[in-house]
Structure formats: C-alpha cells, structure tokens
Amino acid sequence: MNSDNKLLKLERSSGVYEPGERMSGYFLAEGSQGQSIRAAELSVLWYTSGQGEEDFEIHHFERLVDDPGRPLDLRTPRRFAVVLPPSPLSYEGRIVKVCWCVRLRLFPRQGPEMVEEAAFRLGDVPAAPMTVEE
Amino acid sequence: MQTSPLPSRHGNPFATCWTRPGALAFRFRSGESAERMVARLAAQNWWGEVVGPHGSGKSTLLATLAPRISAAGLSATSIALRNHEGHLPWQVLRRALSLPHPVVIVDGYEQLSQFSRAALRWRCRRSAAGLLVTSHAATGLPLLAQLQPDLLLVEQLVAELTQCRPAAISPTDVAASHACRGSNVRELFFDLYDRHEVACRAIRTRTESVA
C-alpha cells in the first residue's frame with residue numbers, strides 16, 4: 001500500500017502537545033487493488049532510540065476488526081482521541097531520544113501488514129546542546 | 001516552544017534499530033550467498049565457525065543463516081553469549097539437543113572456557129547435532145566464513161542506511177571513521193551516529209542564529 005491509499009493525520013499540524021492534553025486525529029485506508037482490510041490497530045506509544053538498548057510502552061491501543069456484523073470500512077476517516085500522560089516527555093538527546101508516535105498497523109486480507117506512523121512531541125524539553133569539545 | 005524536528009528513530013540512520021543484527025541484511029562477497037553458505041555448512045555435517053574481529057558482522061551473518069537452517073528442516077537454537085560469560089546456559093542447550101535434527105548456534109564461542117567448549121562439542125557430537133559458532137580467532141572447528149569488512153563494504157552499508165533516512169555526514173566522514181575504527185563496523189556505526197548528531201545540531205544552531 002502506498003501513501004495514496006492510507007493516511008494517518010494528527011489534527012494539530014505542529015505535532016506538539018502538553019502532558020495531560022487531549023490529542024486527536026484521524027486515519028483512513030483503502031486496500032490496494034481492491035483488496036479489503038481484515039483488521040486495523042491504532043497505538044499511541046513512546047519508544048527510545050539511540051545507540052543502545054531500546055525500550056517502549058504503549059499508552060493507548062485499539063483494534064478494529066472486519067466482521068460480517070460490523071464491516072470495517074476505512075475509506076471514510078476514522079477519528080481517534082487520546083488524553084496524553086504526564087510522562088515521559090519527548091527528548092532529543094545525543095545518546096538517546098524519547099520519541100512519541102501514533103502507529104497504525106493495517107492487516108489486509110492478503111499480503112504483508114502495513115505500518116504508518118505519525119510522530120509528535122510531548123512537552124517542551126529542549127534538545128541536548130552541543131558539548132564544549134564539539 | 002521547540003522548533004527542532006520531532007524526536008523520531010528516523011532522525012539518525014545509524015541508530016541501533018537500523019544497524020542491529022537482523023535489521024541490516026548481511027552483505028555477502030561477490031560469488032557468495034546465504035544459500036551457498038548453508039550448503040557448505042551442510043556438507044560439513046552442520047559444523048562450522050564464523051571468524052572475524054569485533055563488529056565485523058558475525059552476529060548479522062548468524063541472523064541471516066539461522067532461518068535458512070530452520071528452512072532446511074533442522075531445529076536451530078541460537079545462544080548469544082554476552083559480557084564474557086564463561087559457561088553455557090546448559091538448560092537451553094539440553095532443550096535444544098532434545099529437538100529433532102538439532103543445530104546449536106553459539107554467538108561468542110571464544111567467551112567459553114576450554115572446558116565448556118569441549119563439553120559443548122562432546123554433547124553436540126553425542127546428539128548428532130550441528131554446531132555453528134562465531135569467534136574472534138579460529139578455534140579448530142571447520143571454517144565457514146572469515147570476515148574482514150573493508151572500506152568498500154562500509155560505504156555500501158552506509159549507502160543502504162542513508163537511502164531512506166538522509167544523513168548529515170559526508171563520504172569524508174565515512175572514510176575518517178573507517179580509518180579510526182578499522183573493520184569494527186559496530187563501532188564505526190556508533191561513530192557515524194555521533195558525527196550525524198553533531199552535524200545536525202550544528203545545522204540547527206546555524207539556522208536558529210540566522211532566524
């Protein structure tokens with residue numbers, strides 16, 4: 001699936017949120033070549049990235065499944081809203097970064113799963129400065 | 001409020017998530033392939049060792065070979081030794097050897113004591129199991145591969161890593177890093193990670209001062 005047929009969008013274009021604030025957005029998807037989506041998972045999570053071991057935690061998770069009683073139609077925008085936690089705050093460090101994102105995983109009836117992410121910032125911690133020797 | 005980019009793993013192409021074994025495909029020398037290597041290992045009765053210095057790609061090669069060994073109908077069990085462990089997790093080994101057509105894969109074989117190595121070989125022979133290990137120097141097992149990454153290989157890996165995630169470093173940085181770190185690609189990626197961070201911060205500082 002390419003960017004033409006899936007979309008994950010946060011309503012605030014800056015992508016910057018305060019702890020405890022309500023974040024909202026929407027997603028939509030259309031199966032490539034007419035194939036339908038079997039399930040979709042939306043997560044709001046943080047992870048660390050850098051030079052060492054990585055860590056992550058899921059703050060919010062929802063799974064939508066296509067079933068005969070409730071067909072899953074993602075061609076129209078599906079809204080989501082989440083109250084963000086007080087921590088951990090986003091941090092752009094030299095050795096480690098704390099990153100927040102909304103992740104959408106789509107499981108088509110055939111073929112591999114597809115993933116789309118929208119990064120956002122929680123809080124306003126300044127990025128690590130350059131050290132003196134640099 | 002911050003104006004810098006949102007923190008993301010995509011911010012540095014040399015972060016662990018992109019460079020760890022399995023994330024970056026092992027690059028075989030011309031004429032070599034995973035299939036050929038597995039065929040050679042089979043011809044050696046599934047015994048072999050991958051020899052190379054620190055960070056030369058031994059773990060990455062194992063991560064590439066292990067699923068192919070399993071696909072050949074064998075039960076591959078991987079054991080990674082870290083922090084200079086002198087002994088094997090024997091329970092894991094016992095479980096591995098109880099599987100049908102076992103192959104034990106030990107990453108960091110040189111960390112084992114002479115006694116543990118001998119005991120491991122003996123147990124594998126007794127169970128008609130394969131044994132594939134990595135080591136910094138030859139240990140007497142049949143040689144499967146000897147790794148010594150050169151600058152060309154490093155440049156290819158950097159090109160692959162920076163294809164989708166642009167880096168703020170130049171080919172000069174890559175050459176300088178290779179000159180410092182030699183064939184230790186893991187350390188070289190750490191170095192390039194740092195160079196990228198420094199370059200990004202310098203660009204950001206310049207941009208902010210202009211604004």
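Derivation of every value follows stated rules applied to the coordinates shown; laboratory data play no part. These numbers were taken from a predicted model, which means no experiment stands behind them. Quick reminder, even Gly has a Cβ in these numbers, built from the backbone with ideal geometry, and neighbours come from all protein chains shown.
Panel order for B:178, B:101, by other beta carbons found within 10 Å of each beta carbon, from fewest to most: B:101, B:178. Note on segment A:5-31 and segment B:147-211: Cα centroid distance 32 Å, given to the nearest whole angstrom. Shape call for segment B:42-153 from the C-alpha gyration tensor, a ≥ b ≥ c root eigenvalues: rounded (a/c under 1.5), prolate (a/b greater than b/c) or oblate? It comes out oblate by the Cα gyration axes. Taking other C-beta atoms within 10 angstrom as a stand-in for reagent exposure, A:120, A:56 fall in the order A:56, A:120, fewest first.
Projecting the Cα positions of B:11, B:69, B:196 onto the charge dipole of chain B (unit charges on Cβ atoms of Lys, Arg, Asp and Glu, taken about the Cα centre) puts B:69 furthest along the positive direction.
Amide H contacts of residue A:60 (H built 1.01 Å from N, in plane; Pro and chain starts excluded): A:44 sit under 5 Å, all sequence-distant by 5 or more or on other chains. Gyration tensor analysis over the Cα atoms of segment B:1-99 returns equivalent ellipsoid semi-axes of 32, 19, 13 Å (largest first, whole Å). Since only A:59, A:20, A:7 are under comparison, the one whose Cα sits farthest along the positive direction of the charge dipole of chain A, derived from C-beta charges on Lys, Arg, Asp and Glu, is A:7. Relative to the longest principal axis of the Cα atoms of chain B, the long axis of helix B:151-161 lies at roughly 70 degrees. Cα convex hull, chain A: 137 Å³ per residue, rounded to a whole number. Ellipsoid semi-axes for segment B:90-211, based on the Cα gyration tensor and the rule √(5λ), read 44, 16, 13 Å when sorted largest first.
Charging the Cβ of each Asp and Glu at -1 and of each Lys and Arg at +1, and nothing else, the dipole of segment B:1-71 about its Cα centre rounds to 60 debye.
Spacing of the modelled spin labels on residue B:25 and residue B:83, each 7 Å from Cα toward Cβ, amounts to 3.5 nm. Of A:125, B:170, B:116, which is farthest on the positive side of the dipole of the protein assembly as shown, counting Cα position, with +1 on Lys and Arg Cβ, -1 on Asp and Glu Cβ, and the Cα centre as origin? Positive-end residue among those listed: B:116.
Taking the alpha carbon gyration tensor of chain B, multiplying each eigenvalue by 5 and rooting it gives semi-axes of 39, 17, 16 Å, largest first.
At an R0 of 22 angstrom, the distance between the Cβ atoms of residue A:57 and residue B:207 translates into a FRET efficiency of 0.10. Taking other C-beta atoms within 10 angstrom as a stand-in for reagent exposure, B:69, A:95 fall in the order A:95, B:69, fewest first.
Note on chain A: with charges restricted to the Cβ of Lys and Arg (+1) and Asp and Glu (-1), its dipole about the Cα centre is near 600 debye.
Axis angle, to the nearest 10 degrees, between helix B:58-71 and the longest C-alpha principal axis of chain B: 50 degrees. Look at the stretch A:83-91: the mean tally of other chain Cβ atoms within 10 Å of its residues' Cβ atoms is 1.
Dipole size in debye (nearest 20) for the protein assembly as shown around its Cα centre, Lys and Arg Cβ +1, Asp and Glu Cβ -1? Before the final figure, lay out each step's value.
Values: 39 positive and 36 negative charges, 236 e Å.
For this selection, approximately 1140 debye.
The separation of segment B:102-136 from segment A:35-71, counted between C-alpha centres, amounts to 40 Å. Translational diffusion coefficient of the protein assembly as shown (Stokes-Einstein, Kirkwood radius from Cα pairs, 10 °C, 1.306 mPa s): 68 µm²/s.
Adding -39500 (n - 2.57) for every DSSP H run of four residues or longer, then dividing by how many residues chain B holds, sets the calculated 222 nm ellipticity at -14500 deg cm²/dmol.
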